[in-house]
Amino acid sequence: MSGFTMVEALNRALADELEDDPQVLVFGQDIAALGGVFRVTAGLTERFGDRVFDTPLAESGIVGTAVGMAMYGYRPVVEMQFDAFSYPAFDQIVSHVAKMRNRSRGLISLPLVIRIPYGGGIGSVEHHSESPETYYAHTAGLTVVTPGSPADAYSLLRSSIRSDDPIVFLEPKRRYWQKQEGTLPVTTPDIGTAVVRRPGSTATLICYGPTVDLCLETAQAGTEEGWDLEVVDLRSLNPLDIGTLVASVEKTGRAIVVHEAGSFLGMGAEIAGQLSERAFYSLRAPVLRVTGFDVPYPAARLESFFLPGVDRILDAVARSLAY
Amino acid sequence: MPDDSTVTDPAQMIRCLPDPAAPDAPLSPHSLSDDQLLDLYRRMVEIRRLDALAMSLQRQGQLGVWASCLGQEAAQVASAHALAPQDWVFPSYRETAVGVVRGIPFVDLLSQYKGIWLGDYDPHKYRFAMNSIPIATHALHATGLAMAARRAGDDLVAVAYMGDGATSEGDAHEAMNFAAVYGAPVVFFIQNNQWAISVPLHRQTASPTLAARAGALGFRGIRVDGNDAAAVHTVTADALAHARGGSGPVLIEAVTYRIESHTTADDQARYRTEAEVAPWRERDPISRLDRYLSGGGLLTDDVRDGAHQHADSLAAATRDEILARSPGDPTEMFDHVYADERALLEEQRQMLVAEQRAFEESWEDS
């Protein structure tokens with residue numbers, strides 16, 4: 001059977017980088033014998049020995065030791081088990097990972113990747129479904145990448161490991177088991193490039209990570225209304241590929257940003273600001289946002305009410321067209 | 001070298017030089033040659049003079065702030081002196097004496113406090129990491145680098161310098177625990193100077209000593225008189241050999257005292273009395289080494305005067321250099337954020353350049 005899932009793509013990307021570069025190390029909680037709670041690292045410790053290892057249960061310790069290893073020339077790839085468990089490492093990420101190159105006037109590079117499964121939709125308990133992308137994307141010195149497809153998961157993770165800058169790599173956990181046709185390896189456009197996943201003319205849906213497939217599904221549903229929706233997958237949140245967004249809006253005149261994180265000061269706010277500065281005369285309606293509500297992530301039985309869905313996005317398209 | 005009593009009994013610690021405050025305390029032998037002892041003395045005199053220079057520069061408005069290491073010269077100089085060139089130091093902001101012993105020109109350390117840049121020396125050249133202001137966070141970097149060096153088969157030890165307050169931070173615990181679990185060659189050098197800004201040691205821990213913590217994590221802890229240069233050097237050399245030999249990390253608690261306020265922005269009169277500080281002045285680490293060396297006939301008036309003259313001339317030259325140092329092109333703030341060029345930052349750089357140009361033109365017109 002051909003095709004591969006996002007988990008398989010991530011696993012293969014790690015394996016291929018471990019194979020190609022002896023400086024690559026993979027570590028985190030439960031990633032060795034267990035292969036990670038999502039099995040992203042399954043089989044790697046059997047194949048690469050102590051270059052893939054378990055750590056004590058301490059997220060700040062994982063990221064902080066990765067800083068020291070990166071200073072010494074290794075390329076650590078560390079896993080935070082779930083989104084909200086990256087917060088104990090927040091001080092290390094913001095105060096050191098992001099700033100070390102600048103503080104040292106360019107003399108210290110930290111080529112490390114922090115993998116974080118993120119987002120909701122898996123019916124989990126509290127602290128397992130959050131969307132922390134804005135915290136990281138807001139921080140100067142960090143690069144924030146999030147794949148929306150298995151092919152991007154493979155290619156962007158390989159690019160991230162090869163980058164001389166630290167990368168926060170956000171993995172949309174509810175898409176882990178999504179399958180894509182084709183075979184690995186694949187090469188997709190590099191970090192910093194947004195991709196038009198579906199060309200269209202009615203309006204632009206701007207999405208990333210878990211909302212990419214949602215927007216593609218919405219675009220399909222929109223054809224029943226006679227709408228031809230364009231879908232742009234950001235892939236990289238910092239840097240943000242404003243050029244591709246402006247080009248799309250110059251064509252469609254309307255933009256709707258879709259993400260699971262709350263709207264207040266979220267990626268949608270930044271994108272709306274950028275488009276109003278750079279594509280004001282092309283816009284035929286305000287940039288709209290379809291996002292999670294600005295409440296703590298709800299209990300599992302309520303998450304379907306919280307998460308953006310096809311109908312809510314189609315409603316936003318209708319509101320945009322009504323201007 | 002240590003027995004358990006030196007680790008857990010606050011009354012016990014390793015001493016080599018007679019302590020006027022504890023005349024009956026047993027003394028251990030030290031491992032230093034006469035030349036090494038004299039070198040420690042000269043270095044301590046030098047750093048005390050440079051520290052005084054920094055204090056006066058701050059009072060004159062030339063530095064934004066300064067964190068003095070007055071009273072901690074033995075702990076810093078003697079421990080740094082024991083390091084091998086290939087070892088890495090992970091300092092907090094108070095380890096200026098360590099930096100000087102590692103060879104960093106003092107002016108480059110002052111540069112940060114004048115606000116020239118966030119750090120202004122080559123960390124690789126001196127194997128002295130960028131000093132870390134968030135408390136205890138750098139201890140993890142030391143552990144990570146030591147894990148990396150061990151993995152690479154390289155012979156080096158990473159030394160994390162922290163204060164007593166830092167031991168309350170989670171990162172200190174995580175750094176020690178990781179180092180112990182992986183057997184990483186790290187020396188955690190804790191200067192227990194009794195105060196974390198205004199909070200005394202007994203508010204940081206209920207443990208009788210800081211050194212005792214190592215035992216709970218499964219590695220060696222040592223307690224040493226931090227105002228005794230010979231003891232600090234001997235204990236540090238022993239700890240480095242232990243870590244270098246693959247036996248895992250060591251925690252050294254150097255018991256000392258912060259004579260000055262936390263920084264020039266702090267006012268110690270609000271939380272402690274001169275009556276508390278006075279006995280520690282009597283235990284001054286330089287006077288103590290001076291008495292020991294003078295008693296043995298090693299330190300003559302000529303050597304003492306020479307040390308002070310050297311320190312004075314170094315301070316005078318450093319003063320000229322730091323006064324002459326000014327920030328460079330402000331657009332450098334965009335240069336080191338990322339390894340590659342970022343469109344957003346290039347736009348903002350051009351905005352700043354245009355702003356500067358407009359300002360200069362309006363200045364010329366007026």
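The values are calculated or read from the model by the stated rules, or taken from the named source; none is laboratory data. Quantities reported herein were computed from a predicted structural model and do not represent experimental measurements. Quick reminder, even Gly has a Cβ in these numbers, built from the backbone with ideal geometry, and neighbours come from all protein chains shown. Note: accessible area is taken over every heavy atom of the protein model, side chains too, but ligands, DNA and RNA are not part of it. Shrake-Rupley method; radii C 1.70, N 1.55, O 1.52, S 1.80 Å.
General remarks:
- Restricted to the stretch B:147-165, and to residues there that are within 18 Å of B:Arg258 (Cβ to Cβ) and open to solvent by 10 Å² or more (accessible area, probe 1.4 Å), the residue that is farthest from the other protein chains (Cβ to nearest Cβ) is B:Gly163.
- Residues satisfying the stated conditions in the stretch B:312-366, i.e. among the hydrophobic types (A, V, I, L, M, F, W, C), within 14 Å of chain A (Cβ to nearest Cβ) and over 36 Å from the mean Cα position of the chain (by Cα): B:Ala343, B:Leu344, B:Met351
Yes/no per residue for (1) touching a Phe, Trp or Tyr at 6+ places or on another chain (Cβ under 8 Å); (2) closer than 22 Å to A:Ala32 by Cβ; (3) among the charged types (D, E, K, R); (4) within 12 Å of another protein chain (Cβ to nearest Cβ):
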residue	(1), (2), (3), (4)
A:Val78	yes, yes, no, yes
A:Gln81	no, yes, no, no
A:Pro88	no, yes, no, yes
A:Ile93	yes, no, no, yes
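- Checking each residue of the stretch A:111-128 against the condition of being in a loop (DSSP other than H, G, I, E, B), within 18 Å of B:His141 (Cα to Cα) and within 14 Å of another protein chain (Cβ to nearest Cβ) gives at least one match.
- A:Ile31 being assigned to a loop (DSSP other than H, G, I, E, B), of a type outside the set (Gly, Ala, Ser), away from every other protein chain (no Cβ under 14 Å) and open to solvent by less than 40 Å² (accessible area, probe 1.4 Å): yes
- Test: A:Thr218 is closer than 30 Å to A:Pro166 by Cα and of a type in the set (Ser, Thr, Tyr): no
- Screening the stretch B:254-266 for residues that are touching a strand residue (DSSP E or B) at 6+ places or on another chain (Cβ under 6 Å) and part of a loop (DSSP other than H, G, I, E, B) and picking the one that is surrounded by the fewest Cβ atoms within 10 Å (Cβ to Cβ) gives B:Arg258.
- Extreme residue, surrounded by the most Cβ atoms within 10 Å (Cβ to Cβ), among residues of the stretch A:251-284 that are within 28 Å of B:Tyr338 (Cα to Cα) and more than 22 Å from the chain's Cα centre (by Cα): A:Ala279
- For the stretch B:1-118, the helices (runs of 4 or more DSSP H) that sit wholly inside it and include 1 or more residues that are touching a His at 6+ places or on another chain (Cβ under 8 Å) and basic (Lys, Arg) are B:34-59.
- Taking the stretch B:155-253 as the region of interest, the helices (runs of 4 or more DSSP H) fully inside it that hold 3 or more residues being under 17 Å from the mean Cα position of the chain (by Cα) are B:229-244.
- Unique match (being surrounded by 24 or more Cβ atoms within 10 Å (Cβ to Cβ) and not β-branched (Val, Ile, Thr)) among A:Ser201, A:Ser248: A:Ser248
- Number of residues in the stretch B:234-291 that are within 24 Å of B:Tyr113 (Cβ to Cβ) and of a type in the set (Asp, Glu) equals 3.
- Checking A:Arg75, A:Arg47 one by one, the residue that is under 24 Å from the mean Cα position of the chain (by Cα) and among the charged types (D, E, K, R) is A:Arg75 and no other.
- Output for the stretch B:282-303, where each listed residue is closer than 24 Å to B:Ala97 by Cα and small (Gly, Ala, Ser): B:Ser287, B:Ser294
- You will find that of A:Val212, A:Val195, A:Val232, the residue that is open to solvent by 30 Å² or more (accessible area, probe 1.4 Å) and among the β-branched types (Val, Ile, Thr) is A:Val195 and no other.
- A:Arg101, sole failed condition from (1) crowded, with 24+ Cβ neighbours inside 10 Å; (2) within 9 Å of chain B (Cβ to nearest Cβ); (3) farther than 20 Å from B:Ser92 by Cβ: (1)
- Counting only residues that are buried (at least 24 other Cβ atoms within 10 Å of the Cβ) and within 13 Å of the chain's Cα centre (by Cα), the stretch A:121-135 holds 2 of them.
- Complete set of residues in the stretch A:175-188 that are open to solvent by 60 Å² or more (accessible area, probe 1.4 Å) and outside any strand (DSSP E or B): A:Trp177, A:Glu181, A:Thr183, A:Pro185, A:Thr187
- Some residue of the stretch A:40-47 being surrounded by fewer than 21 Cβ atoms within 10 Å (Cβ to Cβ), among the polar types (S, T, N, Q) and away from chain B (no Cβ under 12 Å): yes
- Apart from one condition, A:Leu107 fits all of (1) under 23 Å from B:His124 (Cβ atoms); (2) among the hydrophobic types (A, V, I, L, M, F, W, C); (3) in contact (Cβ under 8 Å) with a residue 12 or more places away in the chain; (4) within 11 Å of chain B (Cβ to nearest Cβ); the exception is (3).
- Here A:Gly36 clears all of (1) touching a residue at least 24 places away in the same chain (Cβ under 8 Å); (2) within 14 Å of chain B (Cβ to nearest Cβ) except the condition numbered (2).
- Enumeration of residues in the stretch A:48-68 that are aliphatic (A, V, I, L, M), part of a loop (DSSP other than H, G, I, E, B) and facing chain B (nearest Cβ under 9 Å): A:Ala58
- Qualifying residue in the stretch A:136-143 (condition: closer than 27 Å to A:Ile271 by Cα, within 14 Å of another protein chain (Cβ to nearest Cβ) and open to solvent by 30 Å² or more (accessible area, probe 1.4 Å)): yes
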